[in-house]
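Coordinate-derived values only; no laboratory data. Predicted, not measured: the structure shown is a model, and the values here were computed from it.
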Amino acid sequence: MLPSRLPVATETVDEPPSTPETPEQPSQQTDWLAPAEEPARGEARRDKALLDLLPVGVLIYRLDRLLYANRAFLVRMGYESLHALEEAGGLDALYVEPGASSASSTSDTGRPVKISGTEASSEHAPPVATDARLFTISWDGDPALL
């Protein structure tokens, strides 16, 4: 018997022509490259009545000038009125320290802080530190902090 010869199969693969690698363009812009959003806008004439109804404290100030505080904020800090807080030293009469938060601080969530009055809110109670969020806003057309 003669040895049988098996046919040798060769496979050819057509490869696409090589092209220089080009980086893919991102389809969406990353968050840190996105343009900053405009801050929330408030107007004293329009918004004070609504802010007065809130059960949470609200203080709005620009530089060292107090612009507005609702009743809930004043009671929590131990002051009868915004004028009384100004007479006590304005922002200097408040103690503000960085707050701890598991959430990142963004314009949407505000920067966490703790705030308290430097004076006791009553004769027998020491000042109470309150967790708060600090936001940049536009108040009556100019930048302010809330």
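Shown in residue order for the range 87-99 are the 3J(HN,Hα) couplings computed by the Karplus curve 6.51 cos²θ - 1.76 cosθ + 1.60 at θ = phi - 60°: 5, 7, x, x, 4, 5, 7, 10, 10, 10, 9, x, x Hz (x for Gly and Pro). For the range 33-102, the Kirkwood hydrodynamic radius from C-alpha pairs, put into Stokes-Einstein at 37 °C and a viscosity of 0.692 mPa s, yields a diffusion coefficient of 238 µm² per second. Between the range 132-146 and the range 38-94, what's the alpha-carbon centroid distance in Å? For the range 132-146 versus the range 38-94, the Cα centre distance is 11 Å. Rounded to the nearest whole Hz, the Karplus-based 3J(HN,Hα) values (6.51 cos²θ - 1.76 cosθ + 1.60, θ = phi - 60°) of the range 47-61 follow the sequence 9, 4, 4, 6, 5, 5, 7, 5, x, 9, x, 9, 10, 10, 9, with x at glycine and proline.
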